[in-house]
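First up is the structure itself, then whatever we jot down about it.
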Amino acid sequence: MLIYGELESQGKFIELRWDAGKGNWINEYSSYQTDCDVYGYCGAFGICDSSKQPICSCLKRFKPRNIEEWSRGNWSSGCFRTTPLHCQRDNNNGSGAGQDDDGFLDMKNMNVPGFRSSSSIFVHRFEDKGKSSKVIVITTVTAGIVVITISALFLWCGMAKQRGTNKRHKQIKHRSYSENVGESLIGVKLQQLPLFNFEELATATNNFHPEKKLGQGGFGPVYKGTLDDGKEIAVKRLSKASGQGLEEFMNEVVVISKLQHRNLVRLFGCCVEAEEKILVYEFMPNKSLDAFLFDPVKQRLLDWRKRFNIIEGISRGLLYLHRDSRLRIIHRDLKASNVLLDQDLNPKISDLGWPGSSEGGENQANTKRVVGTYGYMSPEYAMQGQFLEKSDVFSYGVLLLEIVSGRRNTSFYNNKDDLSLLGYAWRLWKEGNIWRLVDEVIFELESDSNNEKEIWRCIHVGLLCVQEYTKDRPTISTVISMLNSEISDLNTPKQPAFTQAPLMSHNVEDRGSLNDVTLTNLDGR
């Protein structure tokens, strides 16, 4: 049998029993039979009689305190005295001559407030005598204590019921949330990562207005937003038509929330409501590197010192992913559009929506489906589905050559030899004419040739990174040592992979990230 109690707003306690036959809750017990059983229903100095209409009236020589409310059936304001007491008349210099002496009104068959038993009460005339006064005081105090105790009991019952209701709601909400986000949330300390609600983010982005759109990522659009406190954010909204499912989304949340580095974009929080999956990042005012590097006007803001600072920042961020973070992260889609720039043009790696990661010593994993961007993917990854740390090094090498040359890897697809940027750089290297690769803007902005040795070293390192076989490529830690001249003697690079432009991409300016994402099996090397 199911039974529960309910405390109404007027203090009325009702006990309900579930009737399976009727399919409804039945009133089993009520602490009040009529409205007159509700304490203070007619207010101070009011009389409640359920057999009369209206049920509330005032004591003799009293009248309603608020006539308008009483006319509407709201008697809670009670009544006030119209005839002053004898002591009040004396205090006001009234003679009191010819007036009746003060006394107590005989009220029969009335319930004393706070008591449920009916009684006939007769109160003797008040004589201003000590014994009678003491009895009245004791009676009043006792009645007050009883009323307070009963009220406290009802209040406690109501609070207990509310706590139970809140607990049930939290349990239901937790179950619903767990069902929505799946078992992937087990073990994730989401209390350490702020959870945004969808309404808040919709307001921040003006309902995801097109004018707020910053760009289109592989998994969906990114919008600029402003929170109520004025903080600017970047809101990445997962497209329902994208290939990224719940598993990949949670992978990004789990991984990025644990990463803290000045050359990685910071994750502020996430939102998971119904079919919506949203990530909230720090806002980068200068957008992505490709917006500067390949723009004829903005690229003039990138002199060699800024470009080399960007190269170093990317390498430090990649080193953190590969070696310094608790999880060893393989980015798998490192490219110019996934490197964001802050207000000082410092680089931060972004878009870790499909990182390969492993705990412990594993540094290789296999996947049945390949994700990433054509022109940046290493041959072992594009052909065999193997992604390693040196797969990211390959992408880094392509990016390094793009920064030096100021041209996209795909911009060479329509030349007469069908060479990619890698093929073009390799031909110039063999011809001993590698300086033709360098962006002319760099020479226009530089007043002397002090940077030539550094530029040449970057090209050399870039060619070492894009070699076809993984064993020939350096690790990112070795790359940093070579760029800083800690390693002075560099190996002679071998022919890069993908020197020819793919036939399928002859008419393509820039390929976007693929949405083909799958789970990965980690294999120890």
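Legend: ranking of residues Arg163, Arg307, Arg237, Arg262 from fewest to most surrounding C-beta atoms inside 10 Å; resulting order Arg163, Arg262, Arg237, Arg307.
Taking other Cβ atoms within 10 Å as a rough exposure proxy, Phe292, Phe268, Phe104 sort from fewest to most as Phe104, Phe268, Phe292.
Counting beta carbons within 10 Å around each of Tyr374, Tyr39 and listing the fewest first gives the order Tyr39, Tyr374. A simple spin-label model places the labels of Ile145 and Gln495 10.3 nm from each other, with each point 7 Å out along Cα-to-Cβ.
Between Phe80 and Thr34, the contour length at 0.36 nm per residue exceeds the alpha carbon distance by 14.1 nm.
How high is the FRET efficiency from Ala20 to Asp472, r the C-beta distance, R0 60 Å, rounded to 0.05?
After rounding, the FRET efficiency stands at 0.20.
Which entries of Lys335/Lys430; Lys224/Lys335; Lys298/Lys471; Lys258/Lys494; Lys212/Lys390 show an alpha-carbon separation above 29 angstrom in the structure shown? Over 29 Å apart, Cα to Cα: Lys298/Lys471; Lys258/Lys494; Lys212/Lys390. Over all other residues within a Cβ to Cβ distance under 13 Å of Val438, the charged ones net out to -3, with Lys and Arg as +1 and Asp and Glu as -1.
Estimated from the Cβ-Cβ distance and a Förster radius of 60 angstrom, the FRET efficiency linking Glu211 and Ile136 is about 0.20.
A Förster radius of 30 Å combined with the Cβ-Cβ distance from Gln343 to Phe443 puts the calculated FRET efficiency at roughly 0.65.
All of the numbers you see were taken from the coordinates with simple rules; none came from a lab. This is a predicted model, so every value here is computed, not measured. Ideal geometry is used to build each Cβ from the backbone, glycine not excepted, and the neighbour counts take in all protein chains shown.
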